[in-house]
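This report refers to the structure that appears directly beneath it.
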Amino acid sequence: IKYGFMQQALLFTNCRCKEACVSPILGTCGAEPVEPASSSSRSFVQNALRKNTQNPHGFQARKATATKVEDDVGYNLLFENALEEFANRSMTTKGAFPEYVKGDFVIPSIGQFDMGDRKFVGFLDCFGKMQRFRIDGTRVDATYRMMETKFFNNSVQARTISNGLLFFETDPPRENPWFLGPINNMPPFAPNDNTYVNTIKVGKDMLSLTDSYTMMVVDPESMRVTGTKVFEDDLEGLVCYTGSAHPLRNPKTGEWLDFVGNADLLSETTSVTCFALADASPNTRRKISDVVMDTAPYMHSFGVTENYMVLPRMPVKFSAQEVATKPMAAAFQEVGLTEAGPGNAFHLVPLNGSSGFIRTLPVDDPLWYVHTVNSYENATGIIIDLTTTAQNPFASDLTLAAARNKRIRDQGATGGKNLVRRYVLPWDTAAAITSEVLSDPHAATDFPTINSNYKSQKHCFYWAVEWFAESDSYASMAIVKHDVCSGAEKRSWSRKGWYPSEATMVASDRDGAAEDEGVLLFTALDGSTDQTFLIGLDAKTMEVIAEVGPFPRIAFTTHGAFYPSQDSEA
């Protein structure tokens, strides 16, 4: 997969309306063409709620509220072109960020929805952009930069959307040479490097990631793409097709952990190669283990515990044969479940390279998920918290055209809202997996974050984005805090007509700091003014401690990351 924005498809594709099922996350794209930019479920929720009928976390039923058009004022601006670029635009904050929040907050986004005479049809396909906010007390310097990948630069040069793998073909369709056909969109004929989903730092390199084996190198000072990350190993096979946009640290060694998927063109068998990548050897991935699966999986995120990688396998397969001849939407196919098996299961991969094992789920409990909140071990088993969807996320119409109707967007709740669900995998393989819902069943919850010091350990708090937060309008959004240990009432931040990004939790560096002691960083679009702000919340109280803006609008964002000043200056 050349991009990793698939998680947005997974998040909000849960409507089963009289109209075609769509992804209600989207708004209207910019209708006017622009000049080329310069180079400078069915039953899952019922099952989940049935398994959680005691409602241990005490969420109160919500009275139905009428949806009003003004509830969504400016929401569609998240899906219009945001082409402005600049470097180190300085502004003074209201309030002040604490000293431990001195550094760079980097958040990718969609930047451009069209090029010349062609428009993207699928919202997964648009050109990526990078934003960096350099924070120092009461001063913030902002840098916006389009991602000048080969795909983008080729498109600028051609003055139209160039060749490359897309989830949906453009409007009007692109033309391929007669002797290549759709293969013209595959490597080596196309770069497929539009990797705008997440960032990490490995050694001195900042890398931008997607659900692919391709990683792009980004200059952390200028935020320009400088090239493709080249690894000095042989982990990528002839048909290397996937990875995860959410690598995690090994809690013992500090190495980054991720995987690549190598498919077989002549069969459906796939080898998922799990690897470690160390800051001291940033160009060589160390293989941990090969996990052989009967069909090619798609796993946007995964879990890591003290001793295991936890790979959640959805009952979906990726067909390399289909993608060679059709748009990528046709390549994701649901696996029909007739009995419990490895196609709907958790694959446990020991970090020491020894043989792993599989914990399967019942046929009537398909594992549809998007993001991993956290995973850890205790005396009785492995716990993994996931943001889950109500149905096969690939069964929906993921086009921009289908998403431009507010009524359909708001009807997304009819198929079941996205829920945070805890799975407990007992060490005793004869014992069944159990689960419970950890989020408000009256709202949709995703884009989770926790205190990074508690990753792969037992945690009590998670923070997330919430939709349908205060009304039956999907665009009613909030940043929420959940206490999964005491079951205390959730806390939240919201403003009417404001649309927040995912929050990043920056933990306090104070000795003995509590788990929820820190700052939440996120951007938010003020829909009424078409302007974006950077906001810092006290992670404990959810009150604003610092705010800065306005900045030019940032379109729909993906996953942010904070790099402390010592990392930023490295």
- Looking at (1) touching an Asp or Glu at 6+ places or on another chain (Cβ under 7 Å); (2) closer than 21 Å to residue 197 by Cα; (3) part of a strand (DSSP E or B), find the lone condition where residue 271 falls short. (2)
- Message: Restricting to region 451-466, give me the number of residues that are open to solvent by 10 Å² or more (accessible area, probe 1.4 Å) and of a type outside the set (D, E, K, R).
- Response: 7
- Task: Please state which of the following conditions residue 432 fails to meet, knowing it meets all the rest: (1) part of a loop (DSSP other than H, G, I, E, B); (2) open to solvent by less than 20 Å² (accessible area, probe 1.4 Å).
- Result: (2)
- Query: When you go through 398, 425 one by one, which is the residue that is of a type in the set (A, V, I, L, M, F, W, C), touching a Gly at 6+ places or on another chain (Cβ under 7 Å) and at pLDDT below 95?
  - Reply: 398
- Could you count how many residues in region 68-123 are assigned to a helix (DSSP H, G or I) and either in contact with a helix residue (DSSP H, G or I) (Cβ under 6 Å, 6 or more places away or on another chain) or at pLDDT below 95 (or both)? 9
- Could you check residue 266 against (1) in a strand (DSSP E or B); (2) at pLDDT below 95; (3) of a type outside the set (Ser, Thr, Tyr) and say which number it fails? (1)
- Number of the exception - residue 384 against (1) open to solvent by less than 10 Å² (accessible area, probe 1.4 Å); (2) in contact with a strand residue (DSSP E or B) (Cβ under 6 Å, 6 or more places away or on another chain); (3) not in a strand (DSSP E or B): (3)
- Query: If we keep just the residues of region 524-570 that are modelled with pLDDT under 95 and among the acidic types (Asp, Glu), which is surrounded by the most Cβ atoms within 10 Å (Cβ to Cβ)?
  - Reply: 567
- Message: Which of the numbered conditions does residue 279 fail, given that it passes all the others? Conditions: (1) out of contact with any Phe, Trp or Tyr (no Cβ under 9 Å at 6 or more places or on another chain); (2) surrounded by fewer than 18 Cβ atoms within 10 Å (Cβ to Cβ).
- Response: (1)
- Task: Taking residue 45 as the residue in question, decide whether it is in a strand (DSSP E or B) and either crowded, with 21+ Cβ neighbours inside 10 Å or modelled with pLDDT under 55 (or both).
- Result: no
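Here is a list: 426, 500. Which entry is in contact with a Leu (Cβ under 9 Å, 6 or more places away or on another chain), of a type outside the set (Ser, Thr, Tyr) and on the phi < 0 side of the Ramachandran plot? Walk me through how you get there before you give the answer.
Values: 426 fails: in contact with a Leu (Cβ under 9 Å, 6 or more places away or on another chain).
Among 426, 500, only 500 is in contact with a Leu (Cβ under 9 Å, 6 or more places away or on another chain), of a type outside the set (Ser, Thr, Tyr) and on the phi < 0 side of the Ramachandran plot.
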- Would you check if there is a residue in region 467-481 being acidic (Asp, Glu) and either open to solvent by less than 30 Å² (accessible area, probe 1.4 Å) or more than 28 Å from residue 76 (Cα to Cα) (or both)? no
- Message: Suppose we filter 252, 317, 287 for residues that are under 18 Å from residue 214 (Cα atoms), open to solvent by 10 Å² or more (accessible area, probe 1.4 Å) and not aliphatic (A, V, I, L, M); which single one remains?
- Response: 287
- Query: If we keep just the residues of region 401-422 that are open to solvent by less than 20 Å² (accessible area, probe 1.4 Å) and part of a loop (DSSP other than H, G, I, E, B), which is modelled with the lowest pLDDT?
  - Reply: 416
- Message: I'd like the full set of residues that are closer than 17 Å to residue 337 by Cβ and surrounded by fewer than 21 Cβ atoms within 10 Å (Cβ to Cβ), limited to region 294-314.
- Response: 294, 295
- Message: Going by what's in this entry, would residue 337 be described as among the aliphatic types (A, V, I, L, M) and either under 24 Å from the mean Cα position of the chain (by Cα) or open to solvent by less than 30 Å² (accessible area, probe 1.4 Å) (or both)?
- Response: no
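The values are calculated or read from the model by the stated rules, or taken from the named source; none is laboratory data. Because the structure is a prediction, the values reported are computed rather than measured. Heads up, the Cβs are rebuilt from the backbone with ideal geometry, glycines too, and the neighbour counts pull from every protein chain shown. Note: accessible area is taken over every heavy atom of the protein model, side chains too, but ligands, DNA and RNA are not part of it. Shrake-Rupley method; radii C 1.70, N 1.55, O 1.52, S 1.80 Å.
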